[in-house]
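Data first, discussion second: the structure below is written as structure tokens.
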Amino acid sequence: MTLSDTADTAARQRWMAVLARASAADIARHLADAPPLPAHRRLRGPETGLVMVRGRAGGDGAPFNLGEMTVTRCTVRVESGAIGHAHTAGRDHGQAEIAAVLDALMQDGAWRERLEALVIAPLEAAQAERRAETARRAAATKVEFFTMTQMR
């Protein structure tokens, strides 16, 4: 099965984003309950390099170069012939390689449902919880300026 329509492309973007944000240790912990992964062959990398991060003043102003960020990329081919890609922040070659392997396997219908349940969904839920916790902590420091202007 190859991904070709818009829904599958969106699904692939989702799982690739989840894998890019997860650490190699988190991925390995969730893979502990999965069957052994098939053999794979590296096509590219893992390689570490720099990308320029761009920003915008106020979110919508003129773009400017904020600075450089270290990124590791990897491309693999699994036994079924599917090719997986991964780009991860930082220098963790293991994370990039396992994310690329999982990307290739997620394109295979035989693996997709199992890996979604064992790896992708739990990682996504943990990441959502961390974002929610960060938002709760930030909300506690929010100052309501409207209230202060009414007190004058």
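The values are calculated or read from the model by the stated rules, or taken from the named source; none is laboratory data. What you see is a predicted model, and the numbers here were worked out from it, not measured in a lab. We place every Cβ from the backbone using ideal geometry, glycine too, and count neighbours over all the protein chains shown.
Here are the numbers for this structure:
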read-out: Cβ-Cβ under 7 Å pairs, at least 6 apart or on other chains, region 40-69 side within 28 Å of Ala99 (Cβ to Cβ) and in contact (Cβ under 8 Å) with a residue 40 or more places away in the chain, far side outside any strand (DSSP E or B) and charged (D, E, K, R); value: Pro46/Glu97; Thr48/Arg91
read-out: Failed item, numbered, when Arg41 is tested on (1) outside any helix (DSSP H, G or I); (2) under 15 Å from Arg114 (Cα atoms); (3) modelled with pLDDT of 90 or more; value: (2)
read-out: Qualifying helices (runs of 4 or more DSSP H) (wholly inside region 60-152; at least 2 residues being touching a His at 6+ places or on another chain (Cβ under 7 Å)); value: 93-106, 121-139
read-out: Test: residue in region 90-107 that is surrounded by fewer than 19 Cβ atoms within 10 Å (Cβ to Cβ), touching a helix residue (DSSP H, G or I) at 6+ places or on another chain (Cβ under 8 Å) and hydrophobic (A, V, I, L, M, F, W, C); value: no
read-out: Subset tally (residues that are out of contact with any helix residue (DSSP H, G or I) (no Cβ under 8 Å at 6 or more places or on another chain) and under 16 Å from Leu37 (Cβ atoms)) for region 112-128; value: 3
read-out: Residue check for Glu79: surrounded by fewer than 19 Cβ atoms within 10 Å (Cβ to Cβ) and over 14 Å from the mean Cα position of the chain (by Cα); value: yes
read-out: Tabulated pairs, region 1-27, first farther than 15 Å from Ile98 by Cβ, second at pLDDT below 90 and buried (at least 16 other Cβ atoms within 10 Å of the Cβ), C-beta under 7 angstrom, 6+ apart or interchain; value: Met1/Asp108
read-out: Matching residues, region 1-54, being surrounded by fewer than 16 Cβ atoms within 10 Å (Cβ to Cβ) and more than 20 Å from Thr75 (Cα to Cα); value: Asp5, Thr6, Ala7, Arg29, Ala32, Asp33, Ala34, Pro35, Met52, Val53, Arg54
read-out: Residue satisfying condition, being aliphatic (A, V, I, L, M) and modelled with pLDDT of 90 or more, within set Val143, Val101; value: Val101
